[in-house]
Each structure stands twice: as C-alpha cells, then as structure tokens.
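The values are calculated or read from the model by the stated rules, or taken from the named source; none is laboratory data. Keep in mind the model is a prediction, meaning the values are calculated, not measured. Note that we place each Cβ from the backbone using ideal geometry, even for glycine, and neighbour counts take in every protein chain shown.
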Amino acid sequence: MEQPESNKMAENTPSGKEAEKPSNPLRLVIIGVLLTIALIWGGSRLYHSFLYVETDNAQIDGDIYPVISRVPGSIAEVLVKTNQVVNKGDTLIRLDAADYEVRRDIAAAALLSAQASVESASNQANAAREGASAAEATSRKLQADLRRNENLRKQDVISQAEFDGIKAGAQASSAQYAATTNQYQAALAQIPLKKAEVKKREAELHEAELQLSYTTITAPASGQISKKNVQPGQYVAPGQQLIALVGNQELTVVANFKETQLDKIATGLPVIIKVDAYPGKEFKGKVESLSSGTGAKFALLPPDNASGNFVKVTQRVPVKIIFTEKPDKHYPLAAGMNVVVDVKVK
C-alpha cells in the first residue's frame with residue numbers, strides 16, 4: 001500500500017537539530033582565527049603590562065624664550081619670518097636708533113667736558129702751588145730782614161719809621177703766603193670733585209651706549225621662530241613680547257602618570273617614546289625626575305578639599321623624561337606634540 005505524498009515529503013525533510021548545524025565550515029575557521037588573534041593580543045597586552053607602565057597623557061616640552069624689547073621705540077626692521085630657524089646671537093629686530101644715538105653723543109660730549117674740567121682744576125692747583133711757593137720764599141726773606149732790622153733798631157741804626165715799614169712788609173708777605181696756601185688747598189679739593197663728575201659722566205655714557213645696543217634685539221638661544229607679533233613701523237614698549245622662540249636643543253617629554261602608577265617609576269628607568277605624528281616610530285629616553293607636586297596643585301585654581309566638598313579623584317604627577325638618543329632629523333619634533341610613553345619597570 002502506497003504512503004501518502006505528505007508522509008514522503010516529511011521523511012525527506014531534515015529534522016530541526018540537523019537544520020541548525022552550520023552548513024559552511026568556513027565560519028568555524030573564521031571564528032577560531034578571531035579567537036586566536038584575540039587571545040594572542042590580550043596575552044601580549046597582559047605581558048606588556050607586567051613589564052611597562054604606560055600613559056598617553058604626555059606631551060613634548062621645550063624651552064620657550066620670550067624675545068622682548070628692553071627700550072621703547074619704533075620698529076625699523078624685522079629680519080626673521082615665522083618658523084625660521086635661528087642661532088643664538090642672530091639679529092632678529094632693529095629699532096629706530098636715532099634718538100639713542102643723539103643721547104649717546106650728548107653723554108660723550110658731557111664726558112669730554114668733565115675730563116677737561118679735571119685738567120683745568122689740575123692746572124689751577126699747579127698754579128696755586130707755584131704761587132704759594134713764591135709767596136713762601138718772599139715771606140722767608142722778609143722775615144729774615146725783619147730779624148736783622150730788629151737788632152739795628154735796638155742799636156738805633158735805623159729809624160722807627162723805617163723799621164715799621166720793614167715789619168709791615170714781613171707781615172703782608174706772611175698773609176700773602178697764607179692766602180696762596182689756602183688757594184692751593186682749595187684747588188686741590190676741587191680735583192676729586194671733578195674726577196667724581198667724570199665718573200658720573202662715564203656712567204651716563206655707558207648707560208646711553210647700553211640703551212643704544214638694546215635697539216638691536218638678538219636671539220637669546222638657538223631655536224625656531226614660532227610666534228611673531230611685530231611688524232615694521234610698530235611702536236613697542238619695554239617688556240613687550242615680540243617673538244616666541246622655541247628652543248630646539250633641549251626637547252623633553254612631560255608624562256602625567258596616575259599617582260597609583262608611581263610606585264613602579266624611578267629615575268633612570270628606560271622609556272620608549274611613541275609620537276602620534278610618526279606612527280610606528282619609537283624614540284628612546286629615560287626618566288630624569290618626578291615632580292614634587294601634582295598637576296592640580298599648580299593649577300590657577302587649585303582644589304581645596306578642606307572646603308567641605310571633598311571628592312577623591314586620582315591625581316596625576318608630571319614625570320620628566322629626556323631623550324637618550326638625538327631625534328632623527330627626518331622626524332622633527334615640536335613642543336606640544338602628543339606622545340605615548342612606556343616606562344620599563346622590569
């Protein structure tokens with residue numbers, strides 16, 4: 001007896017469990033490969049975490065030198081451009097120096113006048129000394145004549161009137177000698193005053209020359225012009241920043257590690273530095289020092305946990321890292337670049 005058609009179709013249809021079985025073994029292979037890759041990657045990261053302490057909260061830091069004007073004046077020349085590399089001592093800016101040249105010339109003329117006054121005072125002192133010497137000689141002669149004529153008067157050889165004339169001459173010569181001596185002392189006293197005036201004028205000339213030299217503004221260090229805020233014709237005031245010069249000699253890395261990571265970090269430990277700008281490139285460095293305060297303590301408004309609103313937040317401590325190998329010129333580094341640092345602790 002023949003079976004119904006519906007029964008034949010049911011026999012030819014696979015069961016529900018058999019239908020759930022994967023029909024393509026490639027799916028199992030892909031899942032296995034992905035699981036293997038995940039296990040390898042996870043294992044490598046776990047192994048890496050035992051050997052290194054890592055943070056991506058790090059940047060390249062460098063010395064930024066402010067180029068300022070020390071004297072007021074108008075800009076005559078700007079000799080550099082933005083991003084230009086300069087060496088220490090290179091001329092960057094020149095101010096209009098006409099006013100300062102005039103002041104220097106006035107100070108130089110005043111110095112010459114003061115030096116001439118010293119020479120004149122010395123000549124006057126020499127003349128007063130000669131006059132005093134002559135008056136001394138005359139006084140001695142008249143005093144000797146007076147002593148001789150005193151004996152003659154006692155003997156009544158000369159008259160009283162003649163003796164009085166000789167005595168008056170001797171007294172007058174003595175007074176003249178005293179006056180010339182005082183003049184000589186007064187002339188000598190003027191010499192130190194005139195020399196002090198010379199010193200003052202020399203200082204004024206030196207100051208004027210310094211002010212003139214400040215009209216030529218030079219680079220305080222070797223580096224790169226990164227921010228130029230000056231144009232010819234602009235009037236600048238003392239202390240005004242004209243250019244920001246980023247030094248290219250002492251680039252370092254400041255990494256902000258969590259305070260819970262510091263127990264493994266010490267000075268001298270080797271560091272691998274990876275710069276975001278150069279994927280795949282690694283730079284070598286070492287830990288130079290750890291900051292004595294957290295970043296929050298140096299903020300403009302540091303937290304005050306004694307105010308009553310206390311929320312415990314994991315703090316970050318800046319760690320200074322220096323390069324142990326000079327960076328390749330094909331990979332120029334700039335202050336502010338983001339980096340990832342791995343400190344090898346084992």
Discussion item. Going through Gly280, Gly295, Gly247 one at a time, which residue ends up being under 25 Å from the mean Cα position of the chain (by Cα), more than 30 Å from Lys81 (Cβ to Cβ) and at pLDDT below 90?
Written reply: Gly295
Discussion item. Suppose we keep only residues that are among the β-branched types (Val, Ile, Thr) and closer than 21 Å to Lys264 by Cα within the stretch 298-323. Which one would you say is modelled with the lowest pLDDT?
Written reply: Val313
Discussion item. Go through (1) within 15 Å of Thr55 (Cα to Cα); (2) surrounded by 14 or more Cβ atoms within 10 Å (Cβ to Cβ); (3) touching a residue at least 40 places away in the same chain (Cβ under 8 Å) for Ala334 and report which single condition fails.
Written reply: (1)
Worksheet item: Restricting attention to the stretch 300-313, does a residue exist that is under 23 Å from Glu54 (Cα atoms) and in a loop (DSSP other than H, G, I, E, B)?
Response: yes
Discussion item. So Lys274 ticks every box in (1) within 23 Å of the chain's Cα centre (by Cα); (2) assigned to a strand (DSSP E or B) but one. Which box is left unticked?
Written reply: (1)
Worksheet item: Condition test on Val246, is it at negative phi, surrounded by 11 or more Cβ atoms within 10 Å (Cβ to Cβ) and touching a Leu at 6+ places or on another chain (Cβ under 6 Å)?
Response: no
Discussion item. Within the stretch 78-118, take every residue that is among the small types (Gly, Ala, Ser), surrounded by fewer than 18 Cβ atoms within 10 Å (Cβ to Cβ) and not in a loop (DSSP other than H, G, I, E, B) and give me the one that is modelled with the lowest pLDDT.
Written reply: Ala116
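Could you list, in sequence order, all residues of the stretch 320-331 that are surrounded by 14 or more Cβ atoms within 10 Å (Cβ to Cβ) and more than 15 Å from Asp56 (Cα to Cα)?
As a first pass, look at the stretch 320-331 and keep what is surrounded by 14 or more Cβ atoms within 10 Å (Cβ to Cβ): 320-323, 327.
Selection gives Ile322, Phe323, Pro327.
I'm checking my understanding of the structure. Among residues of the stretch 94-116 that are of a type in the set (A, V, I, L, M, F, W, C) and touching a Ser or Thr at 6+ places or on another chain (Cβ under 8 Å), which one is nearest to Gly223 (Cα to Cα)?
For the stretch 94-116, the residue satisfying everything is Leu95.
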Worksheet item: Of these, Gln143, Gln190, Gln124, which one is farther than 30 Å from Asn229 by Cα and modelled with pLDDT under 70?
Response: Gln143
Worksheet item: Given the residues Val254, Val198, Val230, which is the only one that is surrounded by 14 or more Cβ atoms within 10 Å (Cβ to Cβ) and assigned to a loop (DSSP other than H, G, I, E, B)?
Response: Val230
